[in-house]
1. Is the shape of region A:16-115 best called rounded, prolate or oblate, per the rule: a/c under 1.5 gives rounded, else a/b larger than b/c gives prolate, else oblate, with a ≥ b ≥ c the square roots of the Cα gyration tensor eigenvalues?
2. Past 32 Å, Cα to Cα: identify those pairs from A:137/C:8; A:32/A:152; A:151/B:40, in the order given.
3. Decide, for the protein assembly as shown, between rounded, prolate and oblate: order the square roots of the alpha carbon gyration tensor eigenvalues as a ≥ b ≥ c, take rounded if a/c falls under 1.5, and otherwise choose prolate if a/b is larger than b/c, else oblate.
4. Let a ≥ b ≥ c be the square roots of the eigenvalues of the Cα gyration tensor of region A:79-166; is it rounded (a/c under 1.5), or, if not, prolate (a/b larger than b/c) or oblate?
5. To the nearest 10 degrees, how steep is helix A:26-35 against the longest Cα principal axis of chain A, on a 0 to 90 scale?
6. Could you give the size of the charge dipole of region C:22-104 about its Cα centre, using +1 on the Cβ of each K and R and -1 on the Cβ of each D and E, expressed in debye and rounded to the nearest 20?
7. Nearest 10 degrees is fine. How inclined is helix A:2-20 to the longest principal axis of chain A, computing both from alpha carbons?
8. Considering only A:92, A:55, A:24, whose Cα is most displaced toward the positive end of the charge dipole of region A:16-104, charges sitting on Cβ of Lys, Arg (+1) and Asp, Glu (-1)?
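Bear in mind these aren't lab numbers, they're just calculated from the coordinates by the rules spelled out. Note that the coordinates shown come from a computational prediction; the quantities given were computed from them, not determined experimentally. Glycine gets a Cβ as well: all are built from the backbone with ideal geometry, and neighbour counts include every protein chain shown.
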Amino acid sequence: MIKKLVINTLLLLTLQLTLQARDINIDFLVQKAQKEHKHLFVWLHKDGCGYCENMREFTLQNDVVKAYISKHFIYQHINVSKGDDVIYKGLTTKAKKFAQKIGYDFYPTSLFFDEDAEIVYVSVGFMDGRKLSHEEKFYKILHFIDSDSYKKMDFDEYQFETDEEL
Amino acid sequence: MERRKFLSLTLGALALAVAPASVRAEDYRKLKPTVWSAHKVEDAIKNLYGSTTLIEKGVKLKAAGESFDSGKKAVASNGGAVPVEFSTKIAAKSISVFQDANPEAAVCVISVGKYDVTEYSIKIKMGKPGTITVVVEGQDGKLYAAKQALDVALGGCEG
Amino acid sequence: MGIKVKAKLKKGVVNVKAMAKHAMTTYNQAEKKTGNREDANFITHISATCNGETVFDMSTSQFLSKNPIFKFKFKGDAFKKGDKLLITWTDRKGKTGTGKTKLK
């Protein structure tokens, strides 16, 4: 019993350590997503940001949203406060520099990539899952990407076409 | 002036006054250009209707999902496309929308026709926090209105 | 095609939603982009007719959103499913855009 506990604790610690010092390879994740017929969704956040914590708790962990994400996306969060390296289009940069480079140094921010590792949609800022309008909008963004609609139209048009309320 | 002529003139003027609105749909941009250049909401309303006396009754207004009578300030997360819904049951000649968060106050003026069901929804730009005012020009010549304060704030933290 | 439009006749009322395709650049935006305020261009008037009858008429400013979406309703007693709805916008430079649909 105690042996099991010790082994499990050691395993957890090892996992924790390996998680802390890692590379986030977006190129690899894009390929993985393509193989699994999914899209890559990268969520940028930082420490000490209440909006990030709330979005994680109330939007990303929302039952409906969470289920949809796990079914249709490869999800990767990037905490820019950590010193992780991000590999994107062959170049390695620190997470914070990566965010600045792509022009979104504001948190939280949701990035969606296509099979060529191009960012096809960005949702900047906090989406509050406790508000029905935000939850619906976020869900709509996920659908917009997953249905490949981004290849044919922009998000405004997609919202117009799919808005059931006439 | 000859009596006959005078009478026909008067009748003519009367006929014009009661012509159904759908026949006389106004292009307010051409008709009242000073409405569109007015910086203050009050001035825009005055230029349009000749009065600033507003009765705050009978008009429903919802901005960024918040109803004007909820007592709460509405918060829009996208200042480029703020949803504004407004309606009234008052018999109206025109309905206009103003705001005080942009260089000019007038957003739009609807010429109400005989088929109109006076319930509308638009999306507007709000450069910064402000107040949206919807004015209904009643068939009775009075002006009815509703106002909704709006904050424009994208939740998040700078890097 | 300047406007996407959908119209539904339900319980004696026709519900319409439309999305005009227009950059709606404001005077300030034009000044920032080209240095010339007169390059600003936005829709100044939108009207809709059903079977030739005016059912919507709005004069507008630079403060409607880019690719503005708007909804309106009109009394359906005089109309029926299949009737043609035509919407037209005119912008500051005199250009026009149209959209049409049949009442569903």
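1. oblate
2. A:151/B:40
3. Verdict is prolate for the protein assembly as shown.
4. Oblate.
5. 70
6. Dipole size: approximately 400 debye.
7. 50
8. Among A:92, A:55, A:24, the one farthest towards the positive end of the dipole of region A:16-104 is A:92.
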